Amino acid sequence: MKRLSSLFLLASLALLVSCGGKEEKKEEKESLKIGTSKEAEKQEDSKTVEVSLTGNDMMKFNKNEIRVKAGQEVTLTLSHVGTMKKIVMGHNFTLLKPGTSIQEFALKASEAGEEKDWIPEDGKEVIAHTKMLGGGESDSVTFMAPEPGTYDFICSFPGHSALMKGKFIVE
Ligand code: CO
């Protein structure tokens, strides 16, 4: 009888231990799961980035450098914070493909004219661009960040690219 009860005790002890072990493992699994989903969230966050840029009546952007990461989906919003009309102080954000000469592109943009929204050759040399805006207007464009490198962005309104330009850096 004594032996039986100690066997019983042993068995229940073993059960307790194994239960405890299971519990621990489950917790471990859960914390691992939490860790993984946090990591996934982080990655999810960095997949998209919002960039805001303004242009004013002084023919200036508020940024001359924009940094994003390769593979990110970029949503760039340009706001014209001035009051002048589109026909005299139009602004857009135009991101040029690598190897594009700003001067040559600007000349072609002037020739393309208002009818083409100041974007020549149907955007052949453009990665992304917003609409041309007048004072008080804004427009967004969403695009995938190109491969790492340094790209030029300009306003393609006639005469503006001399002042309205900057570097778009993909890291
Ligand atoms: Co402009």
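The values are calculated or read from the model by the stated rules, or taken from the named source; none is laboratory data. Predicted model only: the values in this text are computed from it and were never measured. Every residue, glycine as well, gets a Cβ built from its backbone with ideal geometry; the counts of neighbours run over all protein chains shown. Protein only, heavy atoms only, side chains kept; ligands, DNA and RNA dropped before computing areas. Shrake-Rupley method; radii C 1.70, N 1.55, O 1.52, S 1.80 Å.
A compact table of results
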item	result
The lone exception for residue 99 - which of (1) more than 17 Å from residue 53 (Cα to Cα); (2) within 11 Å of the ligand (Cβ to nearest atom) it fails	(2)
Selected residue [within 14 Å of the ligand (Cβ to nearest atom), out of contact with any helix residue (DSSP H, G or I) (no Cβ under 9 Å at 6 or more places or on another chain) and under 20 Å from residue 54 (Cα atoms)] from 79, 156	79
Cβ-Cβ under 7 Å pairs, at least 6 apart or on other chains, the range 145-162 side more than 22 Å from residue 88 (Cβ to Cβ), far side open to solvent by 50 Å² or more (accessible area, probe 1.4 Å) and within 11 Å of the ligand (Cβ to nearest atom)	152/165
Selection within the range 96-109 - assigned to a loop (DSSP other than H, G, I, E, B) and surrounded by 12 or more Cβ atoms within 10 Å (Cβ to Cβ)	97, 98, 100, 101
Restricting the range 144-166 to residues that are assigned to a strand (DSSP E or B) and open to solvent by 20 Å² or more (accessible area, probe 1.4 Å), the residue that is nearest to residue 76 (Cα to Cα)	144
Top-ranked residue in the range 55-76 [being open to solvent by less than 40 Å² (accessible area, probe 1.4 Å) and in a strand (DSSP E or B); ranked as farthest from residue 130 (Cα to Cα)]	68
Checking residue 115 against (1) part of a helix (DSSP H, G or I); (2) at pLDDT below 95; (3) of a type outside the set (A, V, I, L, M, F, W, C), the condition it does not meet	(2)
Tabulated pairs, the range 48-65, first under 13 Å from residue 136 (Cα atoms) and of a type in the set (D, E, K, R), second at pLDDT 95 or above and assigned to a strand (DSSP E or B), C-beta under 9 angstrom, 6+ apart or interchain	57/80
Residues of the range 79-95 that turn out to be open to solvent by 80 Å² or more (accessible area, probe 1.4 Å), in contact with a Ser or Thr (Cβ under 6 Å, 6 or more places away or on another chain) and hydroxyl-bearing (Ser, Thr, Tyr), as a count	0
Number of the condition not met by residue 88 [criteria: (1) within 13 Å of the ligand (Cβ to nearest atom); (2) of a type in the set (A, V, I, L, M, F, W, C); (3) assigned to a strand (DSSP E or B)]	(3)
Residue 125 of a type in the set (Asp, Glu), away from the ligand (no atom under 14 Å from the Cβ) and surrounded by 14 or more Cβ atoms within 10 Å (Cβ to Cβ)	yes
